[in-house]
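**Student:** For reference, the structure I am asking about is given below.
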Amino acid sequence: MDISEPKGRVLVIAGSDSGGGAGIQADIKAITAMGGFAATAVTAITVQNTLGVTAIHPVPLDVLRGQIDAVLDDIGADVIKTGMLGNADVVTLVADRLQACEPPVPLVLDPVMVATSGDALVDDGTETAIRDRLLPLAFLVTPNIPEAEKLTGLVVEDISGQLDAANRLVEMGARAALVKGGHLKGNVVTDVLVSARGMELMERPRLPGRNTHGTGCTLASAIAALLADGAALPDAVRRAGDYLHEAIARAPGFGAGHGPVNHAWVMRP
């Protein structure tokens, strides 16, 4: 990946999580744990905890644009990572700003479209905007299986389906695709990466428990931080996956619902 010095700067464009387990809060923690520098542009303020989301307050478009410009015009970014964008207007704004970056900044696209519960998080217009505007700009797209199905129109029921979806996402314009396997059943979770190197499988034992809140945000941001520091894509994906696996294993058990992972485990003895 051709990025300029200095390395390690990640601009995250996503929503907040008052519970601290997902969204911007998880992004900052994961990027810091991987040794990167996190800057942010908040798309929405959410009211949520481990039991769910009770309110979403979008940030005005001019304020969002101002946040992005303030970071890029001064601090800069080696990688941009997107999470919850919320609506088609936000997607369009982000895509326009990415296309204006000179030199181009690699995008890690976490297409936050479907929650772990299976609930839809965006409307059809936003799905279309993500597919048409952001996917072709992505250095890496990191969908879970329901998101991969929505983006590609394919049914994903096994590893072969993950591979088909990842290949389709690359055909649709992404330079690489990581289709995560957490929604499939079984004692092993397999993530499928398709890139210029071909296909690679990342297998890890499935961990028991309910502490999986923010895993998608955490993984994508950890990958972004490692890419920003100069890691090759397959190495960044594998190392970020190992980090997340251990963060789930060491989850603190906070909250009565789907609890957060332990983002800081790498910084403790």
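Computed from the coordinates by the stated procedures, all read-outs in this text should not be read as laboratory data. Keep in mind the model is a prediction, meaning the values are calculated, not measured. Note: ideal-geometry Cβ built from the backbone for every residue, glycine included; neighbour counts use all protein chains shown.
**Student:** Compute, for region 96-174, the length of the dipole vector about the Cα centre, with Cβ point charges of +1 (Lys, Arg) and -1 (Asp, Glu) only. Units Debye, rounded to 20.
**Tutor:** Dipole magnitude for region 96-174 comes out near 240 debye.
**Student:** A further question on this structure: So which residue, out of GLY36, GLY23, GLY52, gets the largest mean-square fluctuation from a GNM of the chain using Cα contacts under 10 Å as springs?
**Tutor:** Evaluated over the chain, the most mobile residue of the options is GLY52.
**Student:** Work out from phi, with θ = phi - 60° and the Karplus expression 6.51 cos²θ - 1.76 cosθ + 1.60, the ³J(HN,Hα) of each residue of region 38-44, listed in order in whole Hz, and give x for Gly and Pro.
**Tutor:** Calculated HN-Hα couplings, in order: 9, 10, 9, 10, 7, 8, 7 Hz.
**Student:** Counting only residues 5 or more places away or on other chains, whose amide H sits under 5 Å from the amide H of ALA39 once H atoms are built in the peptide plane?
**Tutor:** So ALA39 has HN proximity to VAL10, LEU11, VAL12.
**Student:** Shifting gears a bit: Quick one: grab the alpha carbon gyration tensor of region 9-267, order the square roots of its eigenvalues as a ≥ b ≥ c, and give me rounded if a/c is under 1.5, else prolate or oblate depending on whether a/b is larger than b/c.
**Tutor:** Because its axes are fairly even, with a/c under 1.5, region 9-267 counts as rounded.
**Student:** Sticking with this structure for a sec: Can you check what the net charge comes to around ALA264, using other residues whose Cβ is under 10 Å from the Cβ of ALA264 (Lys, Arg +1; Asp, Glu -1)?
**Tutor:** Around ALA264, the charge tally is +3.
**Student:** Tell me which of ALA41, HIS57, LEU244 sits at the most positive position along the dipole axis of the chain, charges placed on C-beta atoms (Lys, Arg +1; Asp, Glu -1).
**Tutor:** Going by the charge dipole, the pick is LEU244.
**Student:** Give the residues of region 76-98 whose amide nitrogen is closer than 16 Å to a point set 7 Å from the Cα of ASP69 in the direction of its Cβ.
**Tutor:** 76, 93-98
**Student:** Considering only DSSP beta bridges with both partners in the chain, what is the antiparallel share in %, to the nearest 5?
**Tutor:** Working: 18 of 35 bridges.
In the chain, approximately 50 percent of DSSP beta bridges are antiparallel ones.
**Student:** Can you sort ASP191, ASP62 by how many other beta carbons sit within 10 Å, fewest first? Each step should come with its number before you reach the end.
**Tutor:** On the way: ASP191 23, ASP62 9.
Listed from fewest to most nearby Cβ atoms, that is ASP62, ASP191.
**Student:** Report the gain in length on full extension from ASP124 to SER160: 0.36 nm times residue separation, minus Cα-Cα distance, nm rounded to one decimal.
**Tutor:** Difference between extended and current length: 10.3 nm.
**Student:** Can you give the translational diffusion coefficient of region 74-207 in µm²/s, computed by Stokes-Einstein from the Kirkwood radius over Cα pairs at 4 °C and 1.567 mPa s?
**Tutor:** Values: Rh = 15.1 Å.
In µm²/s, the coefficient is 86.
**Student:** Which order do LEU178, LEU193 fall in if you start with the one that has the fewest other Cβ atoms within 10 Å?
**Tutor:** The most exposed by this proxy come first: LEU193, LEU178.
**Student:** Let me know the longest stretch in the chain that avoids all trypsin sites (Lys or Arg not before Pro) found in a DSSP loop with at most 12 other C-beta atoms within 10 Å. The partial results should precede the final answer.
**Tutor:** Details: sites that count: LYS185, ARG197.
That would be 1-184.
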